[in-house]
1. Just in segment 1-96: which trypsin sites (Lys or Arg not before Pro) are loop by DSSP and have at most 13 other Cβ atoms within 10 Å?
2. At a 4.7 angstrom Cβ threshold, list every cysteine in the chain that has nobody to pair with, or say none.
3. Taking neighbour counts of Cβ atoms within 10 Å as a proxy for exposure, in what order, fewest first, do Thr199, Thr139, Thr188 appear?
4. In nm, to one decimal, how far is the modelled label at Gln17 from the one at Arg41, with both set 7 Å along Cα→Cβ?
5. For Ala57, what residues show an amide H to amide H distance below 5 Å, using hydrogens built from the backbone and excluding near sequence neighbours?
6. Calculated from DSSP H runs of 4 or more alone, at -39500 (n - 2.57) each and per residue, what is the 222 nm mean residue ellipticity of the chain, nearest 500?
7. Length gain on complete extension for the stretch Arg28 to Arg213, per 0.36 nm per residue less the alpha carbon to alpha carbon distance?
8. Enumerate the calculated ³J(HN,Hα) couplings along segment 149-160 in order (Karplus 6.51 cos²θ - 1.76 cosθ + 1.60, θ = phi - 60°), each rounded to whole Hz, writing x wherever the residue is Gly or Pro.
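Readers should treat all values here as calculations from the given coordinates under stated rules, not as data from a laboratory. Just so you know, these numbers come straight off a predicted model, no measurement behind them. Every residue, glycine as well, gets a Cβ built from its backbone with ideal geometry; the counts of neighbours run over all protein chains shown.
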Amino acid sequence: MSLNAELRAFFEQRQQQLPAEVRAVMRRATRDLVDSGRADRALAVGARAPHFTLPSADGRSVDLAGLLADGPVVLTFYRGAWCPYCNLALRSLQQHHDAVAARGARLVAVSPQLPDESLSQAEKDGLTFDVLSDLGCETAARYGLAFDLPDDLAAVYARSGIDLARSNGGHPRTLPVPATYVIDRAGTIRWAFVDADYTARAEPADILAVLDRLG
């Protein structure tokens, strides 16, 4: 089963469990974000990838220039450990991590959550690639991905026990549009998947195909 087929199956099951008013808020927020054109304004193929230096879950400082010195980089932005769609996507990437590494590339995941939150997630899901913290989504903003949650959706998350102020180090409203980029050694974006619908993610098979073309 493809990742997006798995995500769609989870979505359909999840919809049956949520109250109608919660489903309505989530649908409206997704539609408004799609209609805003945020994804269309994100960095695209051919752009220079903005450099960053971010803390990893295990306390190291990781910078894009250092990663690119070893080969291409697969850079994926996700919302956080509280997002089940993100967790499914990260586990799928982990399943393909060896295949990414075999092609000489580095896989890196970035979220706005604190390093301790990322460490807990990495340990729980057995993630062996770098998981970085982008507090306040400053790096995500440079890629054109940062946006603020609408009031009603933020309230839904809060009522469901998702404490974004805690997990995101005092930045409860700003999240990244989930996105995945393949960046070549020269720092140019060679492939991009950006979708304002957080239930859709880049397929690992597509990522591998791009890395194969890069040689």
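1. Numbers: sites: Arg8, Arg14, Arg23, Arg27, Arg28, Arg31, Arg38, Arg41, Arg48, Arg60, Arg79, Arg91; in loops: Arg60, Arg79.
Qualifying residues, ordered by number: Arg60.
2. Cys137 - these cysteines have no disulfide-compatible partner (Cβ-Cβ under 4.7 Å) in the chain.
3. Values: Thr199 18, Thr139 24, Thr188 13.
In order of increasing Cβ crowding within 10 Å: Thr188, Thr199, Thr139.
4. Computed distance between label sites Gln17 and Arg41 equals 3.5 nm.
5. Counting only residues 5 or more places away or on other chains, the set is Val131.
6. Working: 11 runs with 99 residues, N = 215.
Value at 222 nm, helices only, nearest 500: -13000 deg cm²/dmol.
7. Working: separation 185, 0.36 × 185 = 66.60 nm, distance 3.84 nm.
Between Arg28 and Arg213, full extension yields an extra 62.8 nm.
8. 3J(HN,Hα) across segment 149-160, in whole Hz: 4, x, 4, 5, 6, 4, 5, 4, 4, 4, 5, 8.
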